[in-house]
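Trainee: One structure, pasted below without further comment.
The values are calculated or read from the model by the stated rules, or taken from the named source; none is laboratory data. Model, not experiment: these values are computed from the prediction. Cβ: placed from backbone, ideal geometry, glycine included. Neighbour counts: every protein chain shown. What goes into the accessible areas is simple: the full protein's heavy atoms, side chains included, and nothing from ligands, DNA or RNA. Shrake-Rupley method; radii C 1.70, N 1.55, O 1.52, S 1.80 Å.
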Amino acid sequence: MNAAKLLDFMRARRSLRAYRDEPVPRDRVEGLLEAAIWAPSAHNRQPWRFVIIDKPATKERLAREMGALLRRDLTADGAPPEVIEADVGRSYRRISSAPLLILVCMSLSDMDQYADEQRNSHESAMAQQSAAMAGQNMLLMAESLGLGACWMCAPLFCQELVMTVLDLPADWLPQGLITVGFPSQRRERSREPWETKALWR
């Protein structure tokens, strides 16, 4: 793929949240995971971890528990009841109705440990960056496989809850949830020109 085709491909990718009611074949799921592990990673430690969620009962429980915590947080913030219910309902539908969920986690067990907190925080940031790049690889691969996908940051707000619901190892820290399926929607979005976001020095 030459540079122009690659850029066109990247421009075509969209965050799609509505899917047809059909499962994602196993070989395509494996293709997403294979793409993920070829992302760059800090020190080449590959600190990413993935949880594949396709059981309806698991999706429903995760959506329900995350929604309950979201409702409590928004209530504590003083948000209007109609806003709270709209946000909770939207989150529940996105999670429970997607044919496939892939939870992207990071593990600090692969990273360097230091005596000072500042360098440890940098190691944590590098692990987060690595996991996010693995997620981006999956989003691009999903597009190439004819799948729709969307990255949700919600697990960051409820890491312990997600770990408990999914019975994850103690060092698997949730970073993002990718919803995946055969798309039933089209979206057209634009970007601000890069010139508005860049400095030359």
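Trainee: Using only Cα atoms, figure out Rg for the stretch 58-112 and give it as a multiple of 2.2 N^0.38 Å.
Mentor: 1.43
Trainee: Return the whole-Å distance between the Cα centroid of the stretch 92-107 and the Cα centroid of the stretch 129-201.
Mentor: Between the Cα centre of the stretch 92-107 and that of the stretch 129-201, the gap is 10 Å.
Trainee: Send over a whole-number figure in Å² for the accessible area per residue of the chain, probe 1.4 Å.
Mentor: Each residue of the chain exposes 60 Å² on average to a 1.4 Å probe.
Trainee: Could you tell me the convex hull volume per residue, in Å³, taken over the Cα atoms of the chain?
Mentor: 182 Å³
Trainee: Tell me the net charge near PRO174. Cut-off is 14 Å between Cβ atoms, PRO174 excluded, with +1 for each Lys or Arg and -1 for each Asp or Glu.
Mentor: -3
Trainee: Around ALA79, with a cut-off of 12 angstrom between Cβ atoms, what is the net charge of the other residues, counting Lys and Arg +1 and Asp and Glu -1?
Mentor: With Lys, Arg at +1 and Asp, Glu at -1, the neighbours total -3.
Trainee: Let me know the charge dipole size of the chain about its Cα centre in debye, to the nearest 20, where only the beta-carbon of Lys, Arg (+1) and Asp, Glu (-1) is charged.
Mentor: On the way: 26 positive and 26 negative charges, 166 e Å.
With only Lys, Arg, Asp and Glu charged at Cβ, the dipole is about 800 debye.
Trainee: Shifting gears a bit: Can you tell me which of GLU82, GLU143, GLU60 moves the most in a GNM of the chain? Springs connect C-alpha atoms under 10 Å apart.
Mentor: Between GLU82, GLU143, GLU60, it is GLU82 that shows the largest mean-square fluctuation.
Trainee: Related question: Report the label-to-label distance for ALA198 and ALA79 in nanometres (one decimal), using points 7 Å from each Cα along the Cα→Cβ vector.
Mentor: Going from the ALA198 label point to the ALA79 one covers 3.6 nm.
Trainee: How many percent of all Cα-Cα pairs in the stretch 16-120 sit more than 16 Å apart?
Mentor: 70 percent
Trainee: Over the chain, with every protein chain in place, what whole percent of the accessible area is carbon and sulfur at 1.4 Å, could you tell me?
Mentor: On the way: 6500 of 12040 Å².
Carbon and sulfur atoms account for 54 percent of the accessible area of the chain.
Trainee: Scanning the chain for chymotrypsin sites (Phe, Trp or Tyr not before Pro) in DSSP loops with at most 14 other Cβ atoms within 10 Å, what's the longest stretch left with none?
Mentor: Between exposed loop sites, the widest span is 115-199.
Trainee: Amide H to amide H, which residues 5 or more places from LEU100 or on other chains are under 5 Å from it, using H placed in the peptide plane?
Mentor: Residues meeting the criterion, in which the H sits 1.01 Å from N, are VAL180.
Trainee: So, one more: Can you list, bin by bin at 10 Å, the percent of alpha carbon pairs in the stretch 16-63, starting at 0?
Mentor: 18, 42, 30, 9, 0
Trainee: Within the chain, which complete DSSP H helices have Cα atoms spanning at least 27 Å along the helix axis and a mean Kyte-Doolittle hydropathy of -0.5 or higher?
Mentor: The qualifying helices: there are none.
Trainee: Would you be so kind as to identify which of LEU16, GLN128, LEU177 lies farthest towards the positive end of the dipole of the chain, taking Lys and Arg as +1 and Asp and Glu as -1 on Cβ and the Cα centre as origin?
Mentor: LEU16
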